[in-house]
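First comes the structure, then the notes that go with it.
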Amino acid sequence: MQLLKTCLEILKSSPALFILLLGFGLFPIYTSLADLPFWNDVSMRIMLLGMAALGLNLVLGFGGMVSFGHAAFLGIGAYSVGISQFYGIDNGWLHILFALLFCAAIGLVIGFLALRTKGIYFIMITLAFAQMLYFFFVSLEVFGGDDGMSVDRAEFFIIDLWDPLRLYYLIWIALFAVSLLLLLIINSRFGVILQGIKDNESRIEAMGLSALRFKITAYVVSAAICGLAGALFANWQE
């Protein structure tokens with residue numbers, strides 16, 4: 001109950017975000033009345049890319065870490081769906097779990113190595129890892145190589161994703177949940193310290209806090225969010 005109250009208070013403090021999410025939630029009503037189903041497809045793409053942007057914003061906007069490699073996590077999330085289906089796993093919830101775990105694990109490795117540097121060095125290391133992952137996946141001929149993979153929409157128990165409206169609201173719920181999670185993080189002690197690291201890392205270290213630990217944690221969370229967006233993107237893209 002307390003968590004719900006906290007969530008409502010945070011949403012009230014971000015009216016623009018609340019209105020935007022509400023607009024996305026009501027948008028299919030307009031497209032249905034106006035007979036414009038194509039715009040639902042456009043809206044889903046916007047929400048998916050927006051979700052990935054929110055993940056990136058955690059490290060870039062609030063942590064001051066300029067990463068050029070986050071597109072890789074979108075790809076890993078999408079490949080988690082494709083490879084799972086290749087081996088006969090059709091459960092969409094498992095696809096999302098795999099995407100979150102794989103992206104978090106790879107984000108932990110990249111973050112542990114890259115975040116020991118700063119500035120242009122960090123930027124180039126994240127870009128290098130993204131290119132390494134790209135060439136690794138396109139080299140896997142069994143999974144389509146340069147041509148990529150074709151996937152079917154996953155099974156989410158009673159949720160039939162072949163119904164475009166149900167897919168739309170699954171993506172919308174995921175975007176809403178990610179937005180709320182990030183608002184909770186940013187308004188927490190962790191978020192305050194992360195922003196403090198962005199403003200003055202030396203002062204945070206002088207207070208006895210490990211800036212590296214907070215930065216790696218933020219990077220891992222950010223990677224997992226991008227992985228979630230990638231998994232849902234694969235279902236939308238087919």
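For segment 45-71, there are no residues whose amide N sits under 14 Å from a probe point set 7 Å from the Cα of ILE29 along the beta carbon direction.
Here segment 195-238 is scanned for amide nitrogen atoms under 15 Å from the site 7 Å beyond the Cα of ILE89 along Cα-to-Cβ, giving 228, 231-232. On full extension, the segment bounded by PHE68 and GLU155 gains 28.0 nm, given 0.36 nm per residue less the C-alpha separation.
Contact order, relative form, for segment 64-107: 45 percent (alpha carbon pairs under 8 Å, 6 or more residues apart, mean separation divided by residue count).
Working note: Karplus 6.51/-1.76/1.60 with θ = phi - 60° gives segment 121-127 the couplings 5, 5, 4, 5, 5, 5, 5 Hz, where Gly and Pro are set to x.
Derived scalar couplings between HN and Hα for segment 216-232 equal 5, 4, 4, 5, 5, 4, 4, 4, 5, 5, 5, x, 4, 4, x, 5, 5 Hz in order, rounded to whole Hz, by the Karplus curve 6.51 cos²θ - 1.76 cosθ + 1.60 (θ = phi - 60°), x for Gly and Pro. Evaluated on the chain, the Kirkwood hydrodynamic radius is 18.9 Å, with distances taken between all distinct Cα atoms. FRET efficiency for the pair THR117 and PHE38, taken as 1/(1 + (r/R0)^6) with r the Cβ-Cβ distance and R0 = 35 Å, rounds to 0.20.
Each value in this text was obtained by applying a stated rule to the coordinates, not by laboratory testing. Values in this document were obtained by computation on a predicted structure and should not be read as measured data. Every residue, glycine among them, receives a Cβ derived from its backbone with ideal geometry; neighbour counts consider all protein chains shown.
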